[in-house]
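Structure first, then comments.
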Amino acid sequence: MILERGSDVENREIAQCLEEVADLLELRDENPFRVRAYRNAARTVETLTTPIHRMIQEGRELTELSGVGKEMASHLRELVETGSLTFRGQLLAEMPPTILDLVRLPGVGPKKAHRFWKELGVATVEALEAAAQEGRLAGIPGFGAKSEQKILAGIQDFRQHGSRVLLAEAERLVEPLLAHLRAVPQVELLEVAGSYRRRKETIGDIDLVAVAADAPPVMEAFRAYPTVREVAMAGETRSSVVLGSGLQVDLRVIPRDSYGAALLYFTGSKEHNVKLRRRAVERGLTISEYGVFEVDAAGTGGAGRRLGGSEEEEVYRAVGLPWIAPELREDRGEIEAAEAGRLPRLIDVDDMRGDLHMHSTWSDGKSTIEEMVAACAARGYDYMAITDHSKALAMTGGLDAARLRKQWKEIEEVRGRHPEIRILCSMEVDILGDGSLDLEDEMLEELDLVLVSLHSRLDLPAAQQTERVLQALEHPRVNVFCHPTARLINRRKPVEMDVDTVLRRAAELGVALELNANPMRLDLKDTHLARARELGCKLVINTDAHHTKHLELMRHGIDQARRAGLGAADVLNTWSFTKLREGFART
DNA sequence: GCCGTTTTCGGCCCGACTGTTTTCAGTCG
């Protein structure tokens, strides 16, 4: 990977490079703690809200970052200055880079991958597949026919379902499974843990935690669920299945008094758990999925007195912390905040008092203005905005000035019939290629609220895209920049843009940034939101509904906002209408 | 490779399951 030279090397790319170095070191059978040091540093960089290149510009000491020492700091510097890392190049010279693909296969780790290469000369997924089919794998010690089958199945699976599934999609798949399991009489409690409970935007697999006095009947029911395609693992307390959709689901059955500890453990994140365990060790305690225990004074490694674990609160309390919301459990500073009593009171879907981005049949929406208004009123909103597309988006039936004026007449009539809700005349105005807006200034003047978005020329180089966006935000009538990076999760990459610069300028200008709640967008993403708040940006959460039923998607935006640690006060459309008006005032 | 109100050396989170093996390494979460 050669990174683009220049000041805009993204933290994500740097983190990726360090991760690769960790993988390569692991393949070389290096000291596992050295490997971990690279992974830790990668994680620090990835979750950092300030771009590394900016830290360097500002002359800040990189070793301030946790997990970054002298060596790592010099790696980071080299990456920012040259766009590549010599050390990584040296490691890559020792082995074919395609070996890294092997490690991504289920059941194949660095040890096995290394042996495939050394003992069979196999370095690609294709070569491994051929070797397994020809029975050559079973020839090396430690491998048998079963290993061969497993690897072939893994390759199949990997090709079909390489990417993670959207949280909203996972919900649809899991709900009926939960109903199926809850119907088993032995099941006392059942909860989805893992990244699903942390409300991550995409899900790799599903982790279920169940309490049952008698585990076997639960396991049996689980494996007998109609859409189960394959039972990957079947133990007494733990089973793993693959559903017809390709989604892997793990189930752990645990006793009631371990419920909290198990839920905590399987909710993760891994990094959050590691830090909690370290805290436990510092206090002479040990945490497992069964509870919190005193470490045996005799030092035999056995567990001593049990301090609790039936509820998550007990585990946190044992290490001197208040309960932490699952959405925050990423080791991005939430443990330190909890310790200092500075955990944010997270925003809730009930805090929302309006939705400021939705379409109607005037452009590409499927519901009429009247229907959208009635649906918003039914949700208890105090205000809403009708924001159809502008004329540049011809395929959506975008409105020109003449049609927009006609639309205002209709909105005026609907206002008469719905005094219970404020209806703002607005528009989602396209940002044109040169950064100008797709609506005349005199029309912009008359709108209650102006939204701007990128829908075209999404492939511009970073410098040009950034300039284009900044140009649009400078326009004094602009209030909200919608789905800023224009990504579609798993389908379209975010535009190349210096997000940090855009956030800074938006904060200065008083232009609000949208968190688009559509589960395919969730744009801005959590780390950008956290950075936006840090910089004092105004924020709104909108559904971008194209049908009355889409108004319900607001909860996905709330999930994302909670992951960013946002409270109700951080989001303008939780405010009263009067305060909202003042909030949108440009600076 | 990082880190330190016990430490600049000696630590670095914990347990289940599988396959293949006869006591356990590798992988996963």
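Residues of the stretch A:84-104 that are more than 20 Å from residue A:36 (Cα to Cα) and either within 7 Å of DNA strand B (Cβ to nearest atom) or crowded, with 17+ Cβ neighbours inside 10 Å (or both): A:95 alone. Where helices (runs of 4 or more DSSP H) fall wholly inside the stretch A:483-587, the ranges with 2 or more residues that are under 16 Å from residue A:349 (Cβ atoms) and not acidic (Asp, Glu) are A:554-563. Scanning the stretch A:218-232 for any residue that is away from DNA strand B (no atom under 11 Å from the Cβ), surrounded by 22 or more Cβ atoms within 10 Å (Cβ to Cβ) and either assigned to a strand (DSSP E or B) or not aromatic (Phe, Trp, Tyr) (or both) turns up at least one such residue. For the stretch A:358-369, does any single residue satisfy the condition of being closer than 30 Å to residue A:567 by Cβ, out of contact with any strand residue (DSSP E or B) (no Cβ under 8 Å at 6 or more places or on another chain) and charged (D, E, K, R)? No: zero hits. Scanning the stretch A:410-442 for residues that are over 21 Å from residue A:542 (Cα atoms), assigned to a helix (DSSP H, G or I) and among the hydrophobic types (A, V, I, L, M, F, W, C) yields a single hit, A:414.
For the stretch A:105-121, filtering for residues that are more than 12 Å from DNA strand B (Cβ to nearest atom) and in a loop (DSSP other than H, G, I, E, B) leaves 1. For residue A:314, the criteria (1) in the same structural domain as residue A:514 (by TED's automatic domain parsing); (2) buried (at least 17 other Cβ atoms within 10 Å of the Cβ); (3) of a type outside the set (Phe, Trp, Tyr); (4) out of contact with any Asp or Glu (no Cβ under 9 Å at 6 or more places or on another chain) hold in every case but one, which is (1).
Hey, does the stretch A:280-292 have a residue that's of a type in the set (D, E, K, R), assigned to a strand (DSSP E or B) and within 8 Å of DNA strand B (Cβ to nearest atom)? No, the stretch A:280-292 contains no residue that is of a type in the set (D, E, K, R), assigned to a strand (DSSP E or B) and within 8 Å of DNA strand B (Cβ to nearest atom). So, in the stretch A:122-154, how many residues would count as being over 39 Å from the mean Cα position of the chain (by Cα) and either surrounded by fewer than 15 Cβ atoms within 10 Å (Cβ to Cβ) or within 10 Å of DNA strand B (Cβ to nearest atom) (or both)? Number of matching residues: 6. One residue is enough: does the stretch A:490-499 have a residue meeting the conditions modelled with pLDDT of 95 or more, touching a helix residue (DSSP H, G or I) at 6+ places or on another chain (Cβ under 6 Å) and either in the same structural domain as residue A:200 (by TED's automatic domain parsing) or of a type in the set (A, V, I, L, M) (or both)? No, there is no match, as no residue in the stretch A:490-499 is modelled with pLDDT of 95 or more, touching a helix residue (DSSP H, G or I) at 6+ places or on another chain (Cβ under 6 Å) and either in the same structural domain as residue A:200 (by TED's automatic domain parsing) or of a type in the set (A, V, I, L, M) (or both).
The values are calculated or read from the model by the stated rules, or taken from the named source; none is laboratory data. Keep in mind that what you see is a predicted model, and the values were worked out from it rather than measured. Virtual Cβ from ideal backbone geometry, glycine too; neighbours counted across all protein chains shown.
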